[in-house]
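Enquirer: First the structure, which I've put down as structure tokens, then a few questions once you've had a look.
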Amino acid sequence: MKHRIIFATGNPGKMREIRQILGDLGCEILSMKEAGAAPEIVEDGTTFGENAEIKARAVWACTGEIVLADDSGLVIDYLGGEPGIYSARYMGENTSYEIKNRNLIERLSQAQGAERAARFVCNIAAVLPDGRVLHTEAVMEGVIAQEPAGSGGFGYDPILLLTEYGVTSAELTMEEKNRISHRGKALEAMKQKLKGILEEDS
Ligand code: IMP
């Protein structure tokens with residue numbers, strides 16, 4: 001049976017990335033809107049994994065098909081893990097990332113070297129038609145830059161300096177970022193898990 005995979009997001013950028021990575025699974029890939037699901041979702045989990053699962057379950061309850069959802073954010077060690085699961089809401093949803101990024105750099109003004117360690121984290125949850133749940137999680141490690149740099153990407157990309165590459169996440173091309181990013185790696189790992197499940201099924 002040909003399965004459909006529904007991704008619980010309204011973000012067209014994420015859908016493009018997901019179609020690129022999961023395209024060769026041989027499934028039809030739809031956004032929740034394309035699948036006709038518009039549930040009320042309250043993201044009240046305390047971890048990335050819980051929030052990803054809450055989103056996936058809410059859409060699964062409408063469709064009963066394979067549903068994927070992700071939850072991601074920036075974790076800064078010096079700030080005890082902030083903004084973490086509150087990354088999108090940090091300083092208010094409508095505050096620009098120019099302001100959020102300046103604020104975080106300012107809060108780290110006394111932090112030196114390894115104290116500036118930070119990472120993007122992404123957890124992906126998949127709910128299968130029978131209700132089973134799978135998770136994958138991946139990170140992209142770096143340090144908080146002294147100054148924002150780069151115009152690619154979005155959100156906190158200009159302030160995460162990838163020490164391994166010597167550039168911020170906003171200085172990578174989309175292809176480079178997809179290959180090494182938290183979301184790219186978590187999606188790739190989920191693809192491998194789903195491959196196994198789909199093979200069992202066929
Ligand atoms: P969500 O997973 O779509 O809820 O997004 C969480 C938030 O984390 C985003 O709104 C950004 O603030 C931040 N974030 C997650 N991934 C990235 C990334 O790749 N670059 C920059 N910011 C990110």
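Enquirer: From Pro129, Pro148, Pro158, grab the single residue that is in contact with a Pro (Cβ under 6 Å, 6 or more places away or on another chain), of a type outside the set (Ser, Thr, Tyr) and part of a loop (DSSP other than H, G, I, E, B).
Expert: Pro148
Enquirer: Check Ala69, Ala52, Ala37, Ala56 and return the single one that is crowded, with 19+ Cβ neighbours inside 10 Å and assigned to a loop (DSSP other than H, G, I, E, B).
Expert: On the way: Ala69 fails: assigned to a loop (DSSP other than H, G, I, E, B); Ala52 fails: assigned to a loop (DSSP other than H, G, I, E, B); Ala56 fails: assigned to a loop (DSSP other than H, G, I, E, B).
None of the others qualify; the one that does is Ala37.
Enquirer: Related question: If you scan region 126-158, which residues turn out to be free of Cβ contacts under 8 Å to residues at least 40 places away in the same chain and of a type in the set (S, T, N, Q)? Let's see the steps before the verdict.
Expert: Of all residues in region 126-158, those free of Cβ contacts under 8 Å to residues at least 40 places away in the same chain come to 130, 132, 141-143, 149-153, 157.
The one that is free of Cβ contacts under 8 Å to residues at least 40 places away in the same chain and of a type in the set (S, T, N, Q): Ser151.
Enquirer: Here's something else I'd like to know. Between a residue in region 83-94 that is in a loop (DSSP other than H, G, I, E, B) and any residue that is of a type in the set (D, E, K, R) and near the ligand (Cβ under 9 Å from one of its atoms), which pairs come within a Cβ distance under 8 Å, given they are 6 or more apart or on different chains?
Expert: These pairs meet every condition: Tyr90/Lys100; Met91/Lys100.
Enquirer: Could you check, for region 90-112, whether at least one of its residues is in contact with a strand residue (DSSP E or B) (Cβ under 6 Å, 6 or more places away or on another chain), modelled with pLDDT of 95 or more, more than 11 Å from the ligand (Cβ to nearest atom) and under 15 Å from Asp70 (Cα atoms)? Let's see the steps before the verdict.
Expert: The first filter runs over region 90-112 and keeps only residues in contact with a strand residue (DSSP E or B) (Cβ under 6 Å, 6 or more places away or on another chain), leaving 90, 108.
Applying the additional criterion that residues be modelled with pLDDT of 95 or more yields 90, 108.
Going one step further and asking which of them are more than 11 Å from the ligand (Cβ to nearest atom), we end up with 108.
From what's left, under 15 Å from Asp70 (Cα atoms): none.
No, region 90-112 contains no residue that is in contact with a strand residue (DSSP E or B) (Cβ under 6 Å, 6 or more places away or on another chain), modelled with pLDDT of 95 or more, more than 11 Å from the ligand (Cβ to nearest atom) and under 15 Å from Asp70 (Cα atoms).
Enquirer: Evaluate region 104-112: report whether one residue or more is touching a residue at least 40 places away in the same chain (Cβ under 8 Å), surrounded by 17 or more Cβ atoms within 10 Å (Cβ to Cβ) and within 19 Å of the chain's Cα centre (by Cα).
Expert: Checked against the condition, which is being touching a residue at least 40 places away in the same chain (Cβ under 8 Å), surrounded by 17 or more Cβ atoms within 10 Å (Cβ to Cβ) and within 19 Å of the chain's Cα centre (by Cα), region 104-112 yields no hits at all.
Enquirer: Follow-up. Assigned to a strand (DSSP E or B), within 13 Å of the ligand (Cβ to nearest atom), under 15 Å from the mean Cα position of the chain (by Cα) and closer than 28 Å to Ile66 by Cβ: does that describe Phe120?
Expert: yes
Enquirer: A further question on this structure: How many of the residues in region 7-34 are within 13 Å of the ligand (Cβ to nearest atom) and assigned to a helix (DSSP H, G or I)?
Expert: So the answer is 6.
Enquirer: OK, next. Is there any pair linking a residue in region 14-33 that is surrounded by 15 or more Cβ atoms within 10 Å (Cβ to Cβ) to one that is among the aromatic types (Phe, Trp, Tyr), with Cβ under 9 Å and at least six apart or on different chains, and which?
Expert: Close Cβ pairs (under 9 Å, with a partner that is among the aromatic types (Phe, Trp, Tyr)) amount to Lys14/Phe7; Met15/Phe7; Ile18/Phe7; Leu22/Phe7; Ile29/Phe7; Leu30/Phe7; Ser31/Phe7; Met32/Phe7.
The rows are residues; the columns are (1) among the polar types (S, T, N, Q); (2) under 15 Å from the mean Cα position of the chain (by Cα); (3) within 11 Å of the ligand (Cβ to nearest atom).
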site: His135; (1), (2), (3): no, yes, no
site: Met140; (1), (2), (3): no, yes, yes
site: Gly152; (1), (2), (3): no, no, yes
site: Tyr156; (1), (2), (3): no, yes, yes
site: Thr173; (1), (2), (3): yes, no, no
site: Arg179; (1), (2), (3): no, yes, no
site: Leu187; (1), (2), (3): no, yes, no
site: Gln192; (1), (2), (3): yes, no, no
site: Glu200; (1), (2), (3): no, no, no
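Enquirer: From the set of residues in region 36-61 that are away from the ligand (no atom under 15 Å from the Cβ) and modelled with pLDDT under 95, which is farthest from Ala145 (Cα to Cα)? Let's see the steps before the verdict.
Expert: If we filter region 36-61 for residues that are away from the ligand (no atom under 15 Å from the Cβ), which is where we start, we get 36-40, 57, 60-61.
Applying the additional criterion that residues be modelled with pLDDT under 95 yields 36-40.
Details: Gly36: 42, Ala37: 40, Ala38: 38, Pro39: 38, Glu40: 37 Å.
Among those that are away from the ligand (no atom under 15 Å from the Cβ) and modelled with pLDDT under 95, it is Gly36.
Enquirer: In addition: Consider Ala38 against the criteria (1) closer than 16 Å to Arg183 by Cα; (2) free of Cβ contacts under 8 Å to residues at least 60 places away in the same chain; (3) out of contact with any Lys or Arg (no Cβ under 8 Å at 6 or more places or on another chain); (4) not hydroxyl-bearing (Ser, Thr, Tyr): it satisfies all of them except one. Which criterion is unmet?
Expert: (1)
Enquirer: Something else now. Might you let me know whether region 73-80 holds any residue that is part of a loop (DSSP other than H, G, I, E, B), under 30 Å from Gly142 (Cβ atoms) and not aromatic (Phe, Trp, Tyr)?
Expert: yes
Enquirer: Now a separate question. Identify all residues within region 1-16 that are of a type in the set (Lys, Arg) and under 12 Å from Ala69 (Cβ atoms); write none if there are none.
Expert: Matches in region 1-16: Lys14 only.
The values are calculated or read from the model by the stated rules, or taken from the named source; none is laboratory data. Model, not experiment: these values are computed from the prediction. Using ideal geometry, Cβ is built from the backbone for each residue, glycine included, and neighbour counts are taken over all protein chains shown.
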